[in-house]
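First comes the structure, then the notes that go with it.
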Amino acid sequence: AHHHHHHHHLDSMSSPTPVRDAPAVPTTRFTARDLAQSSALVLACDGVVFDVSDGADFYGENGPYASLARVDASRALATMNLKLTHEELARGCEGLSADELATLAEWKAKFMSKYRAVGTFTRE
C-alpha cells in the first residue's frame, strides 16, 4: 500500500525500488587482488561480492570462517570445506557437482538476505 506522506527527498525522481528479495548488485568489479587488499570485510560468493562486516564474529580475524574473508569463497562454501588452499579456491566453481552448486546457491541467497552486495567478482 502506498502512503502519500510528503517526503522531503525527491522520491518521484528515484527509480522504482528493487524487489526486496532481489537487491540490485552494484557494478563495481572486484578481482582476487581487490578482495585481498580491501579494507572492508568482504568475500565473494558465486560472482557477487558481499560486505560481511556485520558478521565479523564469523568472518573476522578469529572467527570460524576467517579463511573466507577477502577471497572468492565460492568453492569453500559449495564444498563446505574451510581448509582449501588458495589454488583450490582460485578454481571457483570449476568441476563442482550439482549438489555442491545447489549448496552454493543456498549460501548466496543467505548472503543476499543478510549482507550488502558491494559488487561483482571477476576472475582475471
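The values are calculated or read from the model by the stated rules, or taken from the named source; none is laboratory data. Since the structure is predicted, the reported quantities are computational estimates derived from the model, not experimental observations. All Cβ positions, even for glycine, are placed from backbone atoms using ideal geometry, and neighbour counts span all protein chains on display.
A single entry from 57, 72, 34, 99 fulfils the requirement of being charged (D, E, K, R) and touching a residue at least 24 places away in the same chain (Cβ under 8 Å): 72. The number of residues in segment 40-59 that are more than 18 Å from residue 110 (Cβ to Cβ) and either in contact with a Leu (Cβ under 8 Å, 6 or more places away or on another chain) or modelled with pLDDT under 95 (or both) comes to 0.
Can we say residue 79 is farther than 20 Å from residue 34 by Cα and of a type in the set (S, T, N, Q)? Spelling it out, residue 79 is indeed farther than 20 Å from residue 34 by Cα and of a type in the set (S, T, N, Q).
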